[in-house]
Every structure is written in structure tokens, then in C-alpha cells.
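Data block below; observations after.
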Amino acid sequence: MDERAIAAQVPRLRRYAAALAGNLSDADDLVQDCIEKALANRHTLRDVTRLGGWLLSILHNLHVSGLRWRRRRGPEVPVEDLANDLALSAAPADRAEVRDFVRAFNQLSEEHRAVLLLTGLEGLSYREAAEVLGVPMGTVMSRLARARERLRVLLDGGAEQAVRRIK
């Protein structure tokens, strides 16, 4: 495995990291940590054709470790994060829908967000997502079904609340 193969995966890693972290600054830090760890442990990759999944697994595990660390440390919301808010990056006419989606998506559990991101955003197969997450394929399928349903309910509930506010 050479550095060029890893560099070719950076856009994919950055996209997944941005969706997990919710802002580009943290996503870039996550990708950098992922690449650093991958380069330090490149000898552990047995099949070079599985580089993409291997890197996504490292990135996912780093993200989960970071979440655990932040949970122990307590909540913190830097003002700079507001500049990278996904809802604020949409056109003014679409912001309400994007904001509703982001809020609903953020209410999902970490497991549900991860499976939606890997299969929906990254286009991984159920098998590939299962390998990245380190769970059986059936678990990916059931989490995905529950995540989609929960997201649907949250989005429908948000629309109903908006109608109630108008009336």
C-alpha cells in the first residue's frame, strides 16, 4: 500500500467524517487522525483491495472513541461550529427543510446515523457496512430499517408541529 492509494480515499473519508462530525473542522481532524493511524498501522492491512473499508473502519472507530471521550468530559459547543452548520449552508428557501432534516438526523442514535451514512451517503453494500461497523450484516439491515423509520417519524412529526404553529 502506498500513500497515493490512501490519498485517493481522502474525499470519501472527508465526506463520511463531515457527516459523522457535523462540521468540516472536526471532520478534517478526524480524517487526519485516520490517515496518521493508517500509515502507522499499514502493516496490518492484509488485502490492499479492502483499503477503502479498512480506512472507513479506522475513521468510524476514531469517531466513536471521540464520542466516548466527549461524553465523559461533558457537553461543549464552540461558537466556530455554527459557521459550518449544514442548515446554514443551504439556500434561504431550503433552509427550513435542511434544518428539520439535520435536527431529525441528529436525534438518531449513533448506530442509526452511522448505518444511514455508510449505506446512503457512501453507497456501501450491507456487507461492506457490516465490516466497517464490525457487526453482522443482519444487524446492519435491521438498524437501517429502524433508522429510516425513526427518521421518517421525526420528519413527519416536525412537519405536524410546524402546521400546528401556523394554525
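Is it fair to say A38 is surrounded by fewer than 17 Cβ atoms within 10 Å (Cβ to Cβ), modelled with pLDDT of 75 or more and under 24 Å from R127 (Cβ atoms)? Quick ask: steps written out before the conclusion?
On the way: surrounded by fewer than 17 Cβ atoms within 10 Å (Cβ to Cβ): no; modelled with pLDDT of 75 or more: yes; under 24 Å from R127 (Cβ atoms): yes.
Against the criterion (surrounded by fewer than 17 Cβ atoms within 10 Å (Cβ to Cβ), modelled with pLDDT of 75 or more and under 24 Å from R127 (Cβ atoms)), A38 does not qualify.
List pairs: first in the stretch 21-37 and more than 12 Å from I6 (Cβ to Cβ) and in contact (Cβ under 8 Å) with a residue 12 or more places away in the chain, second not hydroxyl-bearing (S, T, Y) and not in a helix (DSSP H, G or I), Cβ under 9 Å, 6+ apart or cross-chain?
Note: pairs meeting the criteria are G22/D85; N23/D85; S25/P78.
Please go through the stretch 124-161 and pick out each residue that is open to solvent by less than 60 Å² (accessible area, probe 1.4 Å) and at positive phi.
Those that are open to solvent by less than 60 Å² (accessible area, probe 1.4 Å) and at positive phi: none in the stretch 124-161.
Here's a check for you: in the stretch 1-23, which residue that is surrounded by fewer than 17 Cβ atoms within 10 Å (Cβ to Cβ) and part of a helix (DSSP H, G or I) is modelled with the lowest pLDDT?
Across the stretch 1-23, the extreme among qualifying residues is E3.
Return a yes/no flag: does the stretch 71-85 have any residue that is over 13 Å from the mean Cα position of the chain (by Cα) and at pLDDT 85 or above.
Going residue by residue through the stretch 71-85, those that are over 13 Å from the mean Cα position of the chain (by Cα) are 71-85.
Now restrict to residues that are at pLDDT 85 or above: none.
Checked against the condition, which is being over 13 Å from the mean Cα position of the chain (by Cα) and at pLDDT 85 or above, the stretch 71-85 yields no hits at all.
Among the residues of the stretch 91-141 satisfying the criterion of being over 15 Å from the mean Cα position of the chain (by Cα), assigned to a helix (DSSP H, G or I) and among the hydroxyl-bearing types (S, T, Y), which is nearest to V64 (Cα to Cα)?
Only one residue fits best here, namely T139.
Identify the single condition in (1) open to solvent by 80 Å² or more (accessible area, probe 1.4 Å); (2) at pLDDT below 85 that D94 does not satisfy, given that it satisfies every other one.
Every listed condition holds for D94 apart from (1).
The values are calculated or read from the model by the stated rules, or taken from the named source; none is laboratory data. Not measured: the values here are computed from a predicted model. Neighbour counts are summed over all protein chains in view; Cβ atoms, including those assigned to glycine, are modelled from backbone coordinates with ideal geometry. Calculation scope for accessible area: heavy atoms of the full protein, side chains included, ligands and nucleic acids excluded. Shrake-Rupley method; radii C 1.70, N 1.55, O 1.52, S 1.80 Å.
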